[in-house]
Amino acid sequence: RDMHSMIAQSMETVLESDLANDYRVLSKLFGHWKESGSASKATKLALKIGLSLEAIGLPHQSLIIYRESLDMWKSPEKNEYADETLGGVTKDLLDQLQPDDLELLIGLNVSLGRCFTNIMDPKESIKAYQTALNIIHRAPSSAHIADRSIIFPVFSGLFIALRFSLNDDFVYEQGLVRMFLRETKLHNDPIHFSRALAMQSEMMARHGRFEVALDIKSQMVLLYDVHEQTSRMSRAYGSDRCGQCIAQSALWHLRLGDSNRSLEVCKQVLVDLLPCMDPQNIHNAFLMLYPVIWVMKDNGMAIRAKEAFEKFVVKNFETLLDERGFTSDRQLHEPILMLLTLSGIDSSTEHLERCIAWALDAKSDRFDSEINFATASVGRNANSITAEICLLLATNPNTPKQNKRALFEKGYELASGSVELTRPKESIRGMINAFHQAKPVYDALEELHVHLSEDSHNRRTSCGF
């Protein structure tokens, strides 16, 4: 261990500045600190390396190094006193931790929660965030942590994790938001308080209180400056949650019947906000554009929406992330571009054939429940995109007749499921914006279903059946 410690110290001394952010070099340094048994040194490095890996679209690799670092805080022996609600850390260790080490342990669990969210694993995400909360509540030294903002991403992360399920516990949501608002107001930093306001605004919109949501958003905008705050916001919360709140408000205005104001918000996102944000943060760009592109498409601007999506999301993904890069929204890039193209212009024969092949491929056109829940909370659920592609292809006069019924049947099935997922329920309002996106697609396919049934009946009658 002493040898590894000496090597690590030597590497830190001679590490050239141009290599100081190279995660491959830092990984070797991490290995030496890990073998030396220095959990504090290894964790500081793990958090830095993990962020570097996340930035280039490698969250799974980040999880590996976070977990390796977290294991150093656990007892090497199977310990009956290890508390799983504390991430496997013993209560004795927690009692002995100094504030600096406690911050590192909390930071590790927050980073784990963020990564699990990014790979669409809500169960593990919630578990990691809850562990961070348990640690700060039960560690004696937590009272001496100077910067209380270390816990703020936990509130934000738990709230985001609710997108992965049909949450009907409005009381829990309200309590989470209320606690976050109180803590951030006491902290007196506009970065965090504006994030809390954005969270409250989104909560109100999710429960159909759009006027209230817009009033709260207006309060947030008074504190938010994209030029000064977007980088800090993204460092603290993984992406610019205030900018995303503004983008979502385009849908809220639409629900209130104000299409002009809705389109103004779309323009604000494209012209004033997105160009100021980190182009490498692809998931942030996706969440900024996802509500906006549907407003634009429904107002005859599908091609402009496609161009923006290509510019800020697709091309940046291809050029700025590692070749192994992953973002949870990557699986939606192709169908979104496909739908916007089909909605905006007459497709070439080659493009039409490619769309039909994709839509009829059973492996590529259905999305799992996590991505459907997550996307429904910010605009429309993923399966409704495929359903509308099927609708447009089934009604396209250039689509081969032998493909039309199969396209209709798939689209009808997916649209029915989308409407059922997003429709208002007895206890909650459902996913209102997503429902209003899915319902017209379902209605059009239902009408087509009636016509196809009548045609089939007429053919049987004419044949003497």
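Evaluating LYS74 against the criteria (1) in a helix (DSSP H, G or I); (2) modelled with pLDDT under 90 leaves one unmet condition, (1). Pairing residues of the stretch 250-279 that are assigned to a helix (DSSP H, G or I) with residues that are open to solvent by less than 70 Å² (accessible area, probe 1.4 Å) and among the hydroxyl-bearing types (Ser, Thr, Tyr), at Cβ distances under 8 Å and at least 6 apart in sequence or on separate chains, gives ALA250/SER262; LEU251/SER262; HIS253/SER259; HIS253/SER262; LEU254/SER262; VAL265/SER249; CYS276/THR230. Across the stretch 89-109, what is the total count of residues that are under 24 Å from the mean Cα position of the chain (by Cα) and open to solvent by 10 Å² or more (accessible area, probe 1.4 Å)? Going through the stretch 89-109 one residue at a time, the tally reaches 1. The test for being at pLDDT 95 or above and not in a loop (DSSP other than H, G, I, E, B) does not hold for GLU409. When HIS227 is tested against (1) assigned to a helix (DSSP H, G or I); (2) surrounded by 15 or more Cβ atoms within 10 Å (Cβ to Cβ); (3) in contact (Cβ under 8 Å) with a residue 12 or more places away in the chain, only condition (2) is not met.
Filtered by the rule that a residue be among the β-branched types (Val, Ile, Thr) and out of contact with any helix residue (DSSP H, G or I) (no Cβ under 6 Å at 6 or more places or on another chain), the stretch 374-398 gives a lone residue, THR395.
The values are calculated or read from the model by the stated rules, or taken from the named source; none is laboratory data. Computed from a prediction, not measured in an experiment: that's the story for all the values here. Please note: Cβ atoms are built from the backbone with ideal geometry, for glycine as well, and neighbour counts cover all protein chains shown. These area figures cover heavy atoms from the full protein model, side chains too; ligands, DNA and RNA do not enter into them. Shrake-Rupley method; radii C 1.70, N 1.55, O 1.52, S 1.80 Å.
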